[in-house]
Amino acid sequence: MKLRVSILLLFLTSLFFTSCRKEETEFIEAPEDETLTSNSNVALLMQRTATNDGSVDNIVVRANCFVVAFPFTVNVNGAQITINSQDDYALIECVFEEVEDDNDALEIVFPITIILADFTEIEISNTAALNNYVNSCNGENVADDDIECLDFQYPITAFLFNSNNELLETIILENDGQLYGFIDDIDDDDIITIEFPITVILSDGSELVINNLNALEIAIENAQDTCDEDDDYDYNDDDCDDCTPAQVETLLTGCANWQVDKLERNATDYDDIYEGYDFNFFTDGTLSVSWNTVTVYGTWTASGFGNNLEVLIDVPSLPLCNNNWMVHEIENCSDDTKIDLRVGDDDRLRYENDCN
């Protein structure tokens, strides 16, 4: 439908969504089939996608319906750590992993602020108050409303019209919190449109360009069950959410003389069998292994994304190294860098290098 445009000065006595709307003076007719209405399926799907994911800090507090706001301080096995960003969760994990078979302890320094699924902020002064909110969350791996397998790319622009199809305001949405509140505040008589195209990011890191509300509804419905939302409490099973083949390739080929730090096959420990062996990975997909005066050769490739990133190693002379390994973790806790490769619970190969 063609847009009818004329100029008129408006004076508004009240504002809808005062935090993020901007007044406009244009009259533009809203397409009837592209309006975002209150409680429509696509609006609810968008809000579920924008919901605050409480599982990202489960290493700190086992609750999937809220997160602890930055900054906050924890005592981990006697070491005090200030958490300023999501990246700092790795510092906690590094302390936990200094000794693999010890009993780890984490204490939160109160007061803290928690952010609920709807982005409401609550100040918490003690463990008892925190546990009240923890107990209100769904349990480990229990289905919840938030959709984590698709993310919006911001900013997103929306338009508010009045009943005469007059453009009242332009709304610029910069993040999930703003989008969640925007949808929550849509009234039954509001006429809302979204400026397309917009871009969404899928769980494999790929981007999808969306051209209308119908396509957006389909994309969210198709994506919502395509990934592991990691709503468990095992901090050690999700360390490669954003790992890429390029990252692994750069690391393996950029550092010389990798050593085998751990090796298990069929739950049998072979840590020492390749002691003193130097593994070198090359950009053409070949690798060499040298020890004493011997050098043997093989091939390697990296493919996939995130926690589905696979490294295929094939050295005919060293069968215990060969497998379609999954990248479990890339660890930089000290001066050494470690790449932990696993298959199931029984096979593990971890390379170590002092090239950090």
What are the residues whose amide H is under 5 Å from the amide H of Tyr154, where those residues sit 5 or more places off or on another chain and H is modelled from the backbone?
none
Roll a 1.4 Å probe over the protein heavy atoms and report the accessible area of Thr268 in Å², nearest 10.
60 Å²
For the chain, what is the calculated [θ] at 222 nm in deg cm²/dmol (nearest 500), taking -39500 (n - 2.57) for each run of four or more DSSP H residues and dividing by its residue count?
-4500 deg cm²/dmol
What distance in nm lies between label points placed 7 Å from Cα along the C-beta direction at Asn131 and Thr268?
4.7 nm
Under 5 Å, built H, 5+ apart or other chain: amide partners of Phe110:
none
Taking 0.36 nm per residue of sequence separation and subtracting the Cα-Cα distance, how much length would be gained by fully extending the chain between Ala90 and Asp228, in nm to one decimal?
47.7 nm
With Cβ to Cβ distances under 14 Å as the rule, what net charge do the other residues near Pro197 carry (K, R +1; D, E -1)?
-3
Length added when fully stretched, Ala79-Glu107, from 0.36 nm per residue minus Cα-Cα
9.1 nm
Calculated from the structure, P(r) over Cα pairs in 20 Å bins from 0, in percent equals which of (1) 32, 60, 8; (2) 24, 44, 26, 6, 0; (3) 25, 51, 21, 3?
(2)
Can you give me the angle between helix 213-223 and the longest principal axis of the chain, using Cα atoms only, in degrees from 0 to 90, rounded to the nearest 10?
30 degrees
Quick one: Karplus J couplings for segment 318-330, per residue in order, coefficients 6.51, -1.76, 1.60, θ = phi - 60°, nearest Hz, x for Gly and Pro?
10, x, 5, 7, 7, 5, 8, 6, 9, 6, 8, 6, 10
With the Cα gyration tensor of segment 196-257 giving a ≥ b ≥ c as the square roots of its eigenvalues, does the rule (a/c under 1.5 for rounded; else a/b larger than b/c for prolate; else oblate) give rounded, prolate or oblate?
oblate
Mind putting a number on the dipole of segment 168-327 about its Cα centre? Charges go on the C-beta only, +1 for Lys and Arg and -1 for Asp and Glu, and I need it in Debye to the nearest 20.
1560 debye
Given an 8 Å cut-off on Cα distances and at least 6 residues of separation, report the relative contact order of segment 235-336 as a percent.
26 percent
Under DSSP loop assignment and at most 11 Cβ neighbours within 10 Å, longest GluC sites (Glu not before Pro)-free interval of the chain
175-274
1/(1 + (r/R0)^6) with r = Cβ-Cβ of Asp145 and Thr250, R0 = 41 Å, i.e. FRET efficiency to nearest 0.05, evaluates to 0.60
Phi-derived 3J(HN,Hα) across segment 38-47 with the Karplus relation (6.51, -1.76, 1.60, θ = phi - 60°), rounded Hz, x for Gly and Pro, is 4, 6, 6, 4, 5, 5, 5, 5, 4, 5
Would you grab the residues whose amide H sits under 5 Å from the one on Asp261? Only those 5+ places off in sequence or on another chain, please, with H modelled 1.01 Å from N.
Arg350, Tyr351, Glu352
Can you list the HN-Hα couplings for segment 265-273, worked out from phi with the Karplus curve (6.51, -1.76, 1.60; θ = phi - 60°), rounded to whole Hz and with x for Gly and Pro?
10, 6, 6, 9, 7, 10, 3, 8, 5
Taking 0.36 nm per residue of separation between Asn308 and Asn41 and subtracting their Cα-Cα distance, the length gained on full extension comes to 93.0 nm
How high is the relative contact order of the chain, given as a whole-number percent (alpha carbon pairs under 8 Å, six or more residues apart)?
15 percent
Inter-probe distance in nm under a simple model that places probes 7 Å from Cα toward Cβ, at Glu123 and Asp346:
5.6 nm
Which whole-number percent gives the relative contact order of segment 160-287, counting Cα pairs below 8 Å spaced six or more residues apart?
13 percent
Mind checking the angle between helix 245-254 and the chain's longest principal axis? C-alpha axes, 0 to 90 degrees, to the nearest 10.
40 degrees
Over all Cα pairs of segment 104-204, the Kirkwood radius sets Rh, and Rg/Rh then becomes 1.10
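The values are calculated or read from the model by the stated rules, or taken from the named source; none is laboratory data. Small disclaimer: the values here were computed from a predicted structure and weren't measured. Neighbour counts run over all protein chains shown; Cβ positions are idealised from the backbone, glycine included. Quick note on the areas: whole protein, heavy atoms, side chains included, nothing else; ligands and nucleic acids left out. Shrake-Rupley method; radii C 1.70, N 1.55, O 1.52, S 1.80 Å.
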